1. At q = 0.22, 0.23 Å⁻¹, what log₁₀ I(q)/I(0) does a Debye calculation on the Cα points of the range 122-165 give, no solvent, two decimals?
2. Report the FRET efficiency, 1/(1 + (r/R0)^6), for residue 272 and residue 206, where r is their Cβ-Cβ distance and R0 is 30 Å, rounded to 0.05.
3. List, in the order given, every pair from 7/52; 17/212; 120/195; 80/305; 120/149; 192/237 whose Cα-Cα distance in the structure shown is over 18 Å.
4. What number comes out for accessible area per residue over the range 120-307 if the probe is 1.4 Å? Units Å², please.
5. Which value in Å is the Kirkwood Rh of the range 120-307 over different Cα pairs?
6. Leaving ligands and nucleic acids out of the surface, order 46, 4 by accessible area at 1.4 Å, largest first.
7. Using a 7 Å offset from the Cα along the Cα-to-Cβ direction at both residue 187 and residue 159, what is the distance between the two label points in nm, to one decimal?
8. Sort 259-267, 52-60 by the packing proxy (mean of other Cβ within 10 Å over each peptide's residues), most packed first.
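The values are calculated or read from the model by the stated rules, or taken from the named source; none is laboratory data. Predicted model, so just to flag it, every value in this text is computed and none were measured. Counting neighbours? That spans all protein chains shown, and the Cβs are built from the backbone with ideal geometry, glycine included. Protein only, heavy atoms only, side chains kept; ligands, DNA and RNA dropped before computing areas. Shrake-Rupley method; radii C 1.70, N 1.55, O 1.52, S 1.80 Å.
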Amino acid sequence: MTSESVKETYALIKGMKIRGAGRIARAAAATLGSLAESSKASSARELYEELKSAGEVLKSARPTAVSLPNSVNFVISVAKRNLEKGADLAGMRDAISDAANLFCRTSENAIKTIGSIGAKRVVDGDNVLTHCNSESAISILSTAHRQGKTFDVIVTETRPLMQGRMTASILSRRGLKVTLIPDSAARLYMHKVDKVVVGADAVASNGAVVNKIGTSQLALIAHESRARFYVAAETYKLSPTTMLGELVEIEERSPLEVVPSSWLKQNKKVKVRNPAFDITPPEYIDIIITERGVYPPQGIVLLMKELYPEPDSITL
Ligand code: RUB
(Lines give C-alpha, C1' and ligand atoms only; values in the text may rest on other atoms or scores of the structure.)
Protein backbone atom coordinates (compact mmCIF):
# COMPACT_ATOMS: atom_id res chain seq x y z
CA MET A 1 0.00 0.00 0.00
CA THR A 2 1.37 3.43 -0.96
CA SER A 3 1.84 5.72 2.02
CA GLU A 4 0.04 9.06 2.21
CA SER A 5 3.29 11.05 2.06
CA VAL A 6 4.40 9.23 -1.10
CA LYS A 7 0.98 9.86 -2.70
CA GLU A 8 1.20 13.50 -1.67
CA THR A 9 4.69 14.03 -3.13
CA TYR A 10 3.65 12.20 -6.30
CA ALA A 11 0.66 14.55 -6.68
CA LEU A 12 2.75 17.66 -5.98
CA ILE A 13 5.34 16.69 -8.59
CA LYS A 14 2.79 15.59 -11.19
CA GLY A 15 0.72 18.74 -10.66
CA MET A 16 3.93 20.84 -10.84
CA LYS A 17 3.48 22.34 -7.38
CA ILE A 18 7.02 21.04 -6.97
CA ARG A 19 8.84 21.54 -10.24
CA GLY A 20 12.32 21.93 -11.71
CA ALA A 21 14.60 18.93 -12.03
CA GLY A 22 16.66 19.56 -8.88
CA ARG A 23 13.66 20.27 -6.67
CA ILE A 24 11.72 17.18 -7.72
CA ALA A 25 14.79 15.02 -7.13
CA ARG A 26 15.24 16.38 -3.60
CA ALA A 27 11.51 16.07 -2.85
CA ALA A 28 11.57 12.40 -3.87
CA ALA A 29 14.70 11.65 -1.81
CA ALA A 30 13.29 13.45 1.23
CA THR A 31 10.00 11.55 0.92
CA LEU A 32 11.85 8.20 0.87
CA GLY A 33 13.85 9.34 3.90
CA SER A 34 10.76 10.17 5.92
CA LEU A 35 9.05 6.99 4.73
CA ALA A 36 11.93 5.00 6.25
CA GLU A 37 11.55 6.87 9.53
CA SER A 38 7.76 6.44 9.79
CA SER A 39 7.28 3.03 8.14
CA LYS A 40 5.40 0.31 10.03
CA ALA A 41 7.52 -2.39 8.36
CA SER A 42 8.42 -5.21 10.73
CA SER A 43 11.72 -6.21 9.11
CA ALA A 44 14.57 -4.69 7.13
CA ARG A 45 13.48 -6.67 4.04
CA GLU A 46 9.91 -5.41 4.35
CA LEU A 47 11.14 -1.82 4.63
CA TYR A 48 13.32 -2.30 1.55
CA GLU A 49 10.36 -3.66 -0.47
CA GLU A 50 8.20 -0.77 0.71
CA LEU A 51 10.91 1.71 -0.31
CA LYS A 52 11.24 0.12 -3.75
CA SER A 53 7.54 0.37 -4.53
CA ALA A 54 7.40 3.96 -3.21
CA GLY A 55 10.37 4.72 -5.48
CA GLU A 56 8.50 3.35 -8.50
CA VAL A 57 5.49 5.55 -7.72
CA LEU A 58 7.66 8.67 -7.31
CA LYS A 59 9.63 7.97 -10.49
CA SER A 60 6.42 7.77 -12.49
CA ALA A 61 5.32 11.31 -11.51
CA ARG A 62 7.21 12.97 -14.39
CA PRO A 63 9.10 11.11 -17.11
CA THR A 64 11.75 13.49 -18.46
CA ALA A 65 13.92 14.83 -15.62
CA VAL A 66 16.46 12.07 -15.02
CA SER A 67 17.31 13.66 -11.69
CA LEU A 68 14.15 11.98 -10.37
CA PRO A 69 15.11 8.33 -11.06
CA ASN A 70 18.72 9.16 -10.20
CA SER A 71 17.77 10.41 -6.72
CA VAL A 72 15.38 7.50 -6.07
CA ASN A 73 17.93 4.95 -7.34
CA PHE A 74 20.65 6.50 -5.17
CA VAL A 75 18.58 6.08 -1.98
CA ILE A 76 17.44 2.57 -2.97
CA SER A 77 20.97 1.43 -3.81
CA VAL A 78 22.14 2.46 -0.32
CA ALA A 79 19.21 0.53 1.19
CA LYS A 80 20.07 -2.50 -0.94
CA ARG A 81 23.72 -2.47 0.11
CA ASN A 82 22.69 -2.28 3.78
CA LEU A 83 20.19 -5.10 3.38
CA GLU A 84 22.84 -7.28 1.74
CA LYS A 85 25.23 -6.50 4.61
CA GLY A 86 22.57 -7.82 7.01
CA ALA A 87 21.42 -4.49 8.54
CA ASP A 88 18.52 -4.77 10.99
CA LEU A 89 15.37 -2.64 10.76
CA ALA A 90 16.77 0.23 12.83
CA GLY A 91 20.01 0.20 10.83
CA MET A 92 18.04 0.28 7.59
CA ARG A 93 15.94 3.23 8.75
CA ASP A 94 19.08 5.20 9.60
CA ALA A 95 20.89 4.29 6.39
CA ILE A 96 17.93 5.31 4.21
CA SER A 97 17.36 8.53 6.07
CA ASP A 98 21.09 9.40 5.90
CA ALA A 99 21.18 8.65 2.16
CA ALA A 100 18.17 10.91 1.55
CA ASN A 101 19.76 13.73 3.56
CA LEU A 102 23.05 13.22 1.75
CA PHE A 103 21.35 13.48 -1.64
CA CYS A 104 19.59 16.72 -0.67
CA ARG A 105 22.75 18.30 0.81
CA THR A 106 24.84 17.24 -2.18
CA SER A 107 22.26 18.73 -4.54
CA GLU A 108 22.19 22.06 -2.72
CA ASN A 109 25.98 22.22 -2.60
CA ALA A 110 26.23 21.33 -6.29
CA ILE A 111 23.97 24.25 -7.18
CA LYS A 112 26.20 26.62 -5.16
CA THR A 113 29.37 25.22 -6.75
CA ILE A 114 27.88 25.56 -10.24
CA GLY A 115 27.09 29.18 -9.30
CA SER A 116 30.76 29.87 -8.50
CA ILE A 117 32.12 28.03 -11.53
CA GLY A 118 29.60 29.54 -13.94
CA ALA A 119 29.89 33.09 -12.55
CA LYS A 120 33.47 33.20 -13.86
CA ARG A 121 32.01 33.20 -17.37
CA VAL A 122 29.93 36.34 -16.78
CA VAL A 123 31.73 39.63 -17.31
CA ASP A 124 30.85 43.30 -16.88
CA GLY A 125 28.63 44.59 -19.67
CA ASP A 126 27.26 41.17 -20.62
CA ASN A 127 23.70 40.60 -21.77
CA VAL A 128 22.74 37.14 -20.55
CA LEU A 129 19.55 35.39 -21.62
CA THR A 130 17.93 32.61 -19.61
CA HIS A 131 14.86 30.45 -20.21
CA CYS A 132 12.36 28.84 -17.85
CA ASN A 133 13.27 28.57 -14.17
CA SER A 134 16.47 26.77 -13.30
CA GLU A 135 18.02 26.89 -9.84
CA SER A 136 21.46 26.28 -11.34
CA ALA A 137 21.18 29.00 -13.98
CA ILE A 138 19.84 31.37 -11.31
CA SER A 139 22.75 30.43 -9.05
CA ILE A 140 25.25 31.46 -11.76
CA LEU A 141 23.54 34.80 -12.39
CA SER A 142 23.04 35.57 -8.68
CA THR A 143 26.64 34.67 -7.84
CA ALA A 144 28.01 36.88 -10.62
CA HIS A 145 25.80 39.71 -9.33
CA ARG A 146 26.97 39.19 -5.72
CA GLN A 147 30.53 39.38 -6.99
CA GLY A 148 29.75 42.92 -8.13
CA LYS A 149 29.58 42.27 -11.87
CA THR A 150 27.22 44.51 -13.79
CA PHE A 151 25.25 42.83 -16.54
CA ASP A 152 21.72 42.68 -17.91
CA VAL A 153 19.52 39.61 -17.88
CA ILE A 154 16.84 38.82 -20.45
CA VAL A 155 14.29 36.21 -19.38
CA THR A 156 11.91 34.49 -21.78
CA GLU A 157 8.36 34.04 -20.49
CA THR A 158 8.44 30.27 -21.13
CA ARG A 159 4.97 29.49 -22.36
CA PRO A 160 2.65 27.87 -21.64
CA LEU A 161 3.25 27.84 -17.87
CA MET A 162 5.32 31.04 -17.67
CA GLN A 163 8.11 29.78 -15.43
CA GLY A 164 10.17 32.70 -16.81
CA ARG A 165 8.11 35.08 -14.67
CA MET A 166 9.34 33.26 -11.56
CA THR A 167 12.94 33.63 -12.71
CA ALA A 168 12.46 37.30 -13.53
CA SER A 169 10.93 38.01 -10.08
CA ILE A 170 13.64 36.10 -8.20
CA LEU A 171 16.49 37.82 -10.03
CA SER A 172 14.90 41.23 -9.82
CA ARG A 173 14.29 40.84 -6.05
CA ARG A 174 18.00 40.02 -5.74
CA GLY A 175 18.87 43.31 -7.41
CA LEU A 176 19.69 42.14 -10.95
CA LYS A 177 18.59 44.17 -13.96
CA VAL A 178 15.97 42.03 -15.70
CA THR A 179 13.92 42.32 -18.89
CA LEU A 180 11.11 39.80 -19.47
CA ILE A 181 10.27 39.06 -23.12
CA PRO A 182 7.79 36.76 -24.91
CA ASP A 183 9.43 33.56 -26.17
CA SER A 184 8.64 34.65 -29.71
CA ALA A 185 10.78 37.80 -29.28
CA ALA A 186 13.96 35.85 -28.58
CA ARG A 187 15.42 36.16 -32.10
CA LEU A 188 14.78 39.90 -32.16
CA TYR A 189 16.79 40.27 -28.95
CA MET A 190 19.47 37.67 -29.60
CA HIS A 191 21.70 40.06 -31.57
CA LYS A 192 22.53 41.85 -28.33
CA VAL A 193 22.87 38.70 -26.20
CA ASP A 194 26.40 37.59 -25.32
CA LYS A 195 25.56 34.42 -23.42
CA VAL A 196 22.61 32.13 -22.91
CA VAL A 197 22.50 30.18 -19.64
CA VAL A 198 19.93 27.43 -19.16
CA GLY A 199 19.43 24.47 -16.85
CA ALA A 200 18.87 20.83 -17.79
CA ASP A 201 16.42 18.04 -17.08
CA ALA A 202 18.67 15.43 -18.61
CA VAL A 203 22.04 15.29 -20.33
CA ALA A 204 22.59 12.42 -22.77
CA SER A 205 25.90 10.62 -23.27
CA ASN A 206 26.45 12.38 -26.62
CA GLY A 207 26.17 15.76 -24.87
CA ALA A 208 22.64 16.54 -26.05
CA VAL A 209 20.64 18.40 -23.42
CA VAL A 210 16.97 17.96 -22.64
CA ASN A 211 15.43 21.08 -21.13
CA LYS A 212 12.24 23.13 -21.18
CA ILE A 213 10.51 23.37 -24.54
CA GLY A 214 11.98 26.25 -26.53
CA THR A 215 15.55 25.69 -25.34
CA SER A 216 16.67 24.17 -28.64
CA GLN A 217 15.26 27.10 -30.63
CA LEU A 218 17.22 29.45 -28.39
CA ALA A 219 20.37 27.42 -28.99
CA LEU A 220 19.82 27.60 -32.72
CA ILE A 221 19.40 31.37 -32.77
CA ALA A 222 22.27 31.82 -30.30
CA HIS A 223 24.41 29.86 -32.78
CA GLU A 224 23.21 32.09 -35.62
CA SER A 225 24.05 35.22 -33.59
CA ARG A 226 27.35 33.81 -32.28
CA ALA A 227 26.17 34.07 -28.67
CA ARG A 228 27.67 31.52 -26.28
CA PHE A 229 25.33 28.77 -25.08
CA TYR A 230 25.96 27.43 -21.57
CA VAL A 231 24.09 24.63 -19.79
CA ALA A 232 24.18 24.44 -15.99
CA ALA A 233 23.62 20.86 -14.85
CA GLU A 234 24.34 19.05 -11.60
CA THR A 235 25.84 15.61 -12.24
CA TYR A 236 22.58 13.89 -11.23
CA LYS A 237 21.14 15.33 -14.46
CA LEU A 238 23.40 12.99 -16.45
CA SER A 239 21.34 10.15 -17.85
CA PRO A 240 23.28 6.88 -17.44
CA THR A 241 20.87 4.83 -19.55
CA THR A 242 21.70 6.94 -22.61
CA MET A 243 25.11 5.21 -22.51
CA LEU A 244 23.13 2.06 -23.34
CA GLY A 245 21.39 3.73 -26.25
CA GLU A 246 18.16 4.54 -24.39
CA LEU A 247 16.32 7.73 -25.36
CA VAL A 248 15.03 10.33 -22.91
CA GLU A 249 11.24 10.38 -22.89
CA ILE A 250 9.74 13.78 -23.63
CA GLU A 251 6.76 14.58 -21.40
CA GLU A 252 3.60 15.64 -23.18
CA ARG A 253 1.29 17.66 -20.94
CA SER A 254 -2.37 18.62 -21.14
CA PRO A 255 -3.59 20.83 -24.02
CA LEU A 256 -5.46 22.76 -21.32
CA GLU A 257 -2.14 24.36 -20.39
CA VAL A 258 -2.10 25.83 -23.92
CA VAL A 259 -5.75 26.77 -24.52
CA PRO A 260 -8.87 26.95 -22.30
CA SER A 261 -11.43 24.13 -22.49
CA SER A 262 -14.01 26.53 -24.02
CA TRP A 263 -11.66 27.07 -26.98
CA LEU A 264 -11.08 23.35 -27.34
CA LYS A 265 -14.85 22.77 -27.42
CA GLN A 266 -15.29 25.41 -30.14
CA ASN A 267 -12.41 24.01 -32.21
CA LYS A 268 -12.91 20.29 -31.89
CA LYS A 269 -11.00 19.52 -35.09
CA VAL A 270 -7.84 21.29 -33.96
CA LYS A 271 -5.29 19.07 -32.36
CA VAL A 272 -3.44 20.90 -29.57
CA ARG A 273 -0.06 19.49 -28.54
CA ASN A 274 1.95 20.43 -25.48
CA PRO A 275 5.43 18.86 -25.32
CA ALA A 276 7.13 20.09 -22.15
CA PHE A 277 10.77 19.60 -23.17
CA ASP A 278 12.99 19.50 -26.21
CA ILE A 279 16.45 18.29 -27.13
CA THR A 280 19.36 20.59 -27.91
CA PRO A 281 22.04 18.82 -29.95
CA PRO A 282 25.63 19.06 -28.65
CA GLU A 283 26.76 21.12 -31.69
CA TYR A 284 24.77 24.07 -30.34
CA ILE A 285 26.16 23.91 -26.81
CA ASP A 286 29.50 25.48 -25.87
CA ILE A 287 29.87 24.07 -22.38
CA ILE A 288 28.06 22.08 -19.71
CA ILE A 289 28.81 23.52 -16.27
CA THR A 290 28.65 20.87 -13.55
CA GLU A 291 29.77 20.90 -9.91
CA ARG A 292 32.68 18.75 -11.10
CA GLY A 293 33.85 21.42 -13.52
CA VAL A 294 33.18 22.57 -17.05
CA TYR A 295 32.83 20.06 -19.91
CA PRO A 296 32.44 20.46 -23.64
CA PRO A 297 29.25 18.53 -24.46
CA GLN A 298 31.24 15.96 -26.45
CA GLY A 299 33.34 15.26 -23.34
CA ILE A 300 30.47 14.70 -20.90
CA VAL A 301 30.53 10.96 -21.62
CA LEU A 302 33.88 10.75 -19.81
CA LEU A 303 32.32 12.13 -16.63
CA MET A 304 29.36 9.80 -17.11
CA LYS A 305 31.67 6.78 -17.39
CA GLU A 306 33.47 7.86 -14.23
CA LEU A 307 30.18 8.16 -12.32
CA TYR A 308 28.69 4.98 -13.77
CA PRO A 309 31.66 2.65 -14.40
CA GLU A 310 29.43 -0.35 -15.07
CA PRO A 311 26.72 0.85 -17.44
CA ASP A 312 25.53 -2.73 -18.04
CA SER A 313 24.44 -2.98 -14.41
CA ILE A 314 22.16 0.06 -14.76
CA THR A 315 18.51 -0.87 -14.31
CA LEU A 316 16.52 0.18 -17.36
C1 RUB B 1 11.90 23.11 -15.60
C2 RUB B 1 13.07 23.19 -16.51
C3 RUB B 1 14.36 23.61 -15.90
C4 RUB B 1 15.14 22.34 -15.52
C5 RUB B 1 16.38 22.68 -14.71
O6 RUB B 1 10.79 22.52 -16.23
O7 RUB B 1 13.03 22.84 -17.67
O8 RUB B 1 15.13 24.35 -16.83
O9 RUB B 1 14.33 21.48 -14.77
O10 RUB B 1 15.98 23.25 -13.49
P11 RUB B 1 9.43 22.31 -15.38
P12 RUB B 1 16.90 23.17 -12.19
O13 RUB B 1 8.98 23.65 -14.90
O14 RUB B 1 8.50 21.69 -16.36
O15 RUB B 1 9.77 21.37 -14.23
O16 RUB B 1 18.22 23.76 -12.56
O17 RUB B 1 16.16 23.99 -11.17
O18 RUB B 1 17.01 21.71 -11.80
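1. -0.72, -0.76
2. Step by step, r from the Cβ atoms, then E = 0.45.
3. Values: 7/52 14 Å; 17/212 16 Å; 120/195 12 Å; 80/305 22 Å; 120/149 10 Å; 192/237 30 Å.
As for pairs spanning more than 18 Å Cα to Cα, those are 80/305; 192/237.
4. Working: 8870 Å² over 188 residues.
Counting only protein heavy atoms, the per-residue value for the range 120-307 is 47 Å².
5. Numbers: mean 1/r = 0.0583 Å⁻¹.
Kirkwood hydrodynamic radius for the range 120-307: 17.2 Å.
6. On the way: 46 85, 4 130 Å².
The ordering from most to least exposed comes out as 4, 46.
7. The two pseudo-label positions are separated by 1.5 nm.
8. Details: 259-267: 11.0, 52-60: 18.6.
Top of the packing list down: 52-60, 259-267.
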